[in-house]
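In what follows, a structure is listed as structure tokens, so that the remarks can point back to it.
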């Protein structure tokens with residue numbers, strides 16, 4: 001590449017995203033607990049819909065995603081015309097930055113927030129602004145204090161990844177109402193389904209003109225391998241995002257599998273209940289072994305160790321036992337490991353292995 005052929009400003013500042021490890025050399029029995037996947041996978045109805053789609057692979061998918069949007073709207077009580085679908089919620093986040101942020105603009109997010117906020121801001125040429133949290137929890141006052149006339153987007157994940165913590169909707173509304181007039185609050189609800197009775201901020205996105213919500217099928221619906229997400233908010237924002245969305249960004253198989261998944265709420269409820277049971281058990285078991293964590297509202301726990309050295313050592317020991325968890329130093333938490341809530345056998349293996357590790361260090 002010659003010196004005259006250069007990418008847009010900001011792009012070379014992007015550190016490549018590293019997903020959770022999936023394999024351990026020399027082990028065929030490794031248990032992956034590094035990517036917050038649903039250990040029970042998608043429902044049978046979802047798998048059947050995906051299998052049927054094989055007969056339509058020669059046809060282009062529809063471009064308006066009408067059937068999926070109608071299903072989402074019916075299940076969640078939302079206006080389908082205010083819904084947009086994308087390749088995971090990542091693509092919706094990227095659309096928002098592309099449409100509303102650019103050079104001389106600022107994109108705010110919390111210090112332990114999802115890495116894609118920074119990546120998408122830089123890709124749009126905007127300036128990412130990291131705002132401190134309070135004990136690993138979103139701090140509304142700190143976010144409001146960080147806003148300027150350059151602020152265009154404010155991202156918060158609620159519950160947050162990788163901390164698992166969340167704030168109440170009254171605090172979310174206080175944040176939305178306190179933002180400067182040119183700014184949009186984006187509520188990342190990737191883990192919203194794990195919180196019983198929580199709408200992910202949908203009611204706020206219906207009522208307030210500066211609130212937008214993103215959701216995903218990658219977590220509780222067990223469709224991480226298909227990459228399907230959606231967003232909901234004011235019609236004016238949906239209209240803008242649809243102008244930059246590729247017309248065929250989702251395949252027929254994605255659309256039909258996601259529709260079957262969202263309609264199968266009985267299965268979703270079973271997954272939510274089992275995750276809640278095992279999450280409480282795992283957090284308590286780790287605490288009994290000297291590894292605390294904040295109260296998580298998602299499908300993982302953030303295990304805290306004395307320092308980065310101990311966290312790395314524990315990660316190495318877990319790998320030796322065939323257990324893959326996530327180091328989160330890249331999120332500013334070098335003394336922590338994020339552990340997905342797996343099935344019961346996986347949770348027991350993790351707790352036992354952490355106990356063995358702590359015992360060896362005494």
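We did not get these values from a lab; they are worked out from the coordinates using the rules stated. In this text the structure is predicted, and so the values were computed from the model without any measurement. Here Cβ is always computed from backbone atoms with ideal geometry, including for glycine, and neighbour counts include all displayed protein chains.
Over region 217-294, the hull volume per residue, using the convex hull of the C-alpha atoms, is 142 Å³. Report summary: the helix-based calculation at 222 nm, which adds -39500 (n - 2.57) for every DSSP H run with n ≥ 4 and divides by the residues of the chain, gives -12000 deg cm²/dmol. Three principal axis extents of region 126-225 based on alpha-carbon atoms, in descending order, are 40, 30, 27 Å. Normalised by residue count, region 26-137 yields a Cα convex hull volume of 232 Å³ per residue. Here is the size of region 1-91 from its Cα atoms: Rg then Dmax, 20.1, 54 Å.
When each of 4, 296 is scored by the number of other beta-carbon atoms lying within 10 Å, the sequence from fewest to most is 4, 296. Look at 279, 132, 227 and count the other Cβ atoms within 10 Å of each Cβ; fewest to most, that gives 132, 227, 279. Largest first, the three principal axis extents of the alpha carbons in region 49-197 are 54, 38, 26 Å in whole numbers. Of the peptides 72-82, 165-175, the order by per-residue mean of other Cβ atoms within 10 Å, starting with the highest, comes out as 165-175, 72-82. DSSP assigns beta bridges within region 44-263; of those with both partners inside it, close to 30 percent run antiparallel.
Per-peptide packing, taken as the mean over residues of other Cβ atoms within 10 Å, places 85-98, 31-44 in the sequence 85-98, 31-44 from highest down. Sequence-distant contacts, meaning Cα pairs under 8 Å at least 6 residues apart, place the relative contact order of the chain at 23 percent.
Using just the Cα positions, wrap region 141-283 in a convex hull and report its mean projected area in square nanometres, one decimal place.
If you wrap the Cα atoms of region 141-283 in a convex hull and average its projections, you get 10.0 nm².
The alpha carbon centroids of region 94-141 and region 210-253 are separated by 19 Å.
Starting from one equal scatterer on each C-alpha and no solvent at all, send me the Debye-based log10 I(q)/I(0) for region 286-362 at q = 0.22 Å⁻¹, two decimals. Taking Cα atoms of region 286-362 as identical point scatterers yields -1.02. Here is the size of the chain from its Cα atoms: Rg then Dmax, 20.6, 63 Å.
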